[in-house]
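Chemist: What follows is a structure written as structure tokens; I'll ask about it next.
The values are calculated or read from the model by the stated rules, or taken from the named source; none is laboratory data. The shown structure was predicted, so the numbers you read here are calculated from the model rather than taken from an experiment. Please note: Cβ atoms are built from the backbone with ideal geometry, for glycine as well, and neighbour counts cover all protein chains shown. These area figures cover heavy atoms from the full protein model, side chains too; ligands, DNA and RNA do not enter into them. Shrake-Rupley method; radii C 1.70, N 1.55, O 1.52, S 1.80 Å.
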Amino acid sequence: MSVSCARRNFSAQFALSAFCFFIGGLSWAGEVAIGSNRSKPNVVIILADDLGFSDLGCYGSEIHTPNLDRLAHEGVRFSQAYNTARCCPSRAALLTGLYPHQAGIGHMAGNLGTPAYQGYLRDDCVTIAEMMRAAGYRTWMTGKWHVGGNQAPNDPTTWHPGAPDQPSPLDRGFDRFFGTLGGAGSYYRPPILMDQSKFVTTQEKNFYYTNAIGEHACAMIREAVEAKQPFFGYVAFTAPHWPLHALPEDIERYRTRYRNGWDILRVERHEALKHAGLLPVTSTLSPRDENVPAWNTLTPPQQEWESLRMATYAAMIDRMDQNIGRILDCLEKTGQRENTLVIFASDNGGSDELLRDDGSNITRYNLPTSQGTLPRLGN
């Protein structure tokens, strides 16, 4: 398969051409009909945000993830993963096939004044969406972008999508886009939310961003099928990235699950990983993080607070899995399930960020917060 693209970077083009060649090979092996046309296989990449290695049921977790477990059972589970340990550099590498410095995002999305650290995708690299669109694919994205500059996280007036230093998905190969440009925000009222090239605000009483990402992904699948085009989809969930925002019914499922604490949980997950063959049976559990106290040294209010935080985190992953199930059902109903390569990954492991106590942390309604209002470790 040969394609042409306005942006030229040999190593990126080589890496992504190899991927497209692989997809072309799949089309020879498993073509199916869409209407009266023979079709290349579809590709859907699903990316979680700050998901820990053992946070899925198929990787030893107690969290209910039947849809991802099904994908693992029907496909391939990998026992190793390599990323850049931060959101945007990993996303830049995924989208371009380059080291993040070559793509312009060597650190985060802030512009540090050099091409390797400019904080947005460089013009001399090519994205997978640009390659796939040139190969005849309909391209769409839902969710978190975070490779297009770093403006005020809650102020749309500072964002100018389409400007040279603020490329949006529509500028880098995607035909359709619904999602957020920045790195994090409220799941109930996401800041910097866009539908195509327009900023939108959420007025729905029951709006929840993870659900909206899944819903729009399904709509874009149906659009592609109706247009009789193979499609490349990029579903970039923000779950389980902070803030810890989950629906009450999902939290309730895990409310009492974590009352035994993280020390016992670590042992349980480690044993499950060994049983699944993802770790050698001879492996030993690493020492507890030196910044994390033993569970039995916490006071009862602290234990209750921390167990509820873990329950909320689990609920966010549960809801993401529910929406992955919605996407898989949509592929099934449109006749595309057996003709679609689905890839799931996380941009990095569980977050270890200490949030600033400067009033900028995010609540449901984008209100400022301060530390110390609930029992905290060491207080």
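Chemist: For the range 113-125, does any single residue satisfy the condition of being open to solvent by 20 Å² or more (accessible area, probe 1.4 Å), touching a residue at least 40 places away in the same chain (Cβ under 8 Å) and part of a strand (DSSP E or B)?
Modeler: Looking through the range 113-125, at least one residue is open to solvent by 20 Å² or more (accessible area, probe 1.4 Å), touching a residue at least 40 places away in the same chain (Cβ under 8 Å) and part of a strand (DSSP E or B).
Chemist: Pick from the range 285-318 the residues that are open to solvent by 80 Å² or more (accessible area, probe 1.4 Å) and touching a helix residue (DSSP H, G or I) at 6+ places or on another chain (Cβ under 9 Å): which of them is modelled with the highest pLDDT?
Modeler: This residue is Asn296.
Chemist: While we're on this one: I need the full set of residues from the range 203-238 which are open to solvent by 10 Å² or more (accessible area, probe 1.4 Å) and without any contact (Cβ under 8 Å) to a residue 60 or more places away in the chain, in order please.
Modeler: Correct list: Gln203, Glu204, Lys205, Asn206, Phe207, Ala219, Glu226.
Chemist: Okay, next question. List every residue pair whose Cβ atoms lie under 7 Å apart, where the two residues are 6 or more positions apart in sequence or sit on different chains, the first residue falls within the range 137-165 and is of a type in the set (A, V, I, L, M), and the second residue, located anywhere, is assigned to a loop (DSSP other than H, G, I, E, B) and at pLDDT 95 or above.
Modeler: Final answer for the pair search is Met141/Phe174; Val147/Leu121.
Chemist: Right, something else. Looking only at the range 264-284, which residues are of a type in the set (A, V, I, L, M, F, W, C) and either open to solvent by less than 70 Å² (accessible area, probe 1.4 Å) or in a helix (DSSP H, G or I) (or both)?
Modeler: Ile264, Leu265, Val267, Ala272, Leu273, Ala276, Leu278, Leu279, listed by residue number.
Chemist: Another question, if that's okay. How many residues does the range 76-96 contain that are modelled with pLDDT under 95 and over 13 Å from Asp347 (Cβ atoms)?
Modeler: Of the residues in that region, 5 qualify.
Chemist: What about Asp321, is it among the acidic types (Asp, Glu) and open to solvent by 40 Å² or more (accessible area, probe 1.4 Å)?
Modeler: Against the criterion (among the acidic types (Asp, Glu) and open to solvent by 40 Å² or more (accessible area, probe 1.4 Å)), Asp321 does not qualify.
Chemist: Do we have Leu47 as open to solvent by less than 50 Å² (accessible area, probe 1.4 Å), modelled with pLDDT of 90 or more, closer than 16 Å to Ser346 by Cβ and not in a loop (DSSP other than H, G, I, E, B) here?
Modeler: Here the answer is yes, as Leu47 does meet what is asked.
Chemist: Could you please find all residues in the range 174-213 being among the polar types (S, T, N, Q), touching a Phe, Trp or Tyr at 6+ places or on another chain (Cβ under 8 Å) and assigned to a helix (DSSP H, G or I)?
Modeler: Scanning the range 174-213 gives a single hit, Thr210.
Chemist: Inside the range 64-97, can you point out the residues that are touching a residue at least 60 places away in the same chain (Cβ under 8 Å), in a loop (DSSP other than H, G, I, E, B) and surrounded by fewer than 23 Cβ atoms within 10 Å (Cβ to Cβ)?
Modeler: Listed by number, the residues that qualify are His64, Gly75, Arg77, Ser79, Ala81, Asn83, Thr84, Ala85, Arg86.
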